[in-house]
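Asker: If you scroll down you'll find the structure; I have some questions about it.
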Amino acid sequence: MKRIISWIVMIPFAIVVIVFSASNLEKVTVNLWPLPQEITVPMFTMILTVFIFGFLMGGIVAWLSAGKSRQAARQQRYRADKAERELRSLSNKLDNRSREAQENASPATVSVPTTRV
């Protein structure tokens, strides 16, 4: 469901950005501040570059901020795997012990004297 909503939002947004970019063909001058250079590019190039840069930066920030969650998930998965291995080991030991107990138990034979009157 989350993926469908994402597509419903992103497709119209992408269409608006593409139409807006394609309708702005004027040239803009970009001053690369620390460098003594200026470049002239079409405005749609600048708009798409800014959107792509923002998308990439957002992805990087989201990935970095989820690092603690991924680490906690890895630790929990490790603990769960360890607990499952321990459970299997204890279950096997219990089965072995119960099998040994059944083999070692002698059948109880009780003789009841019968008398006829």
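The values are calculated or read from the model by the stated rules, or taken from the named source; none is laboratory data. The shown structure was predicted, so the numbers you read here are calculated from the model rather than taken from an experiment. Heads up, the Cβs are rebuilt from the backbone with ideal geometry, glycines too, and the neighbour counts pull from every protein chain shown.
Asker: For region 11-33, name all the residues that are over 15 Å from residue 48 (Cβ atoms) and within 29 Å of the chain's Cα centre (by Cα).
Answerer: Those that are over 15 Å from residue 48 (Cβ atoms) and within 29 Å of the chain's Cα centre (by Cα): 11, 12.
Asker: Here's something else I'd like to know. Run down 1, 43 and say which single residue is in contact with a Lys or Arg (Cβ under 9 Å, 6 or more places away or on another chain), aliphatic (A, V, I, L, M) and modelled with pLDDT under 90.
Answerer: Only one candidate passes the filter, namely 43.
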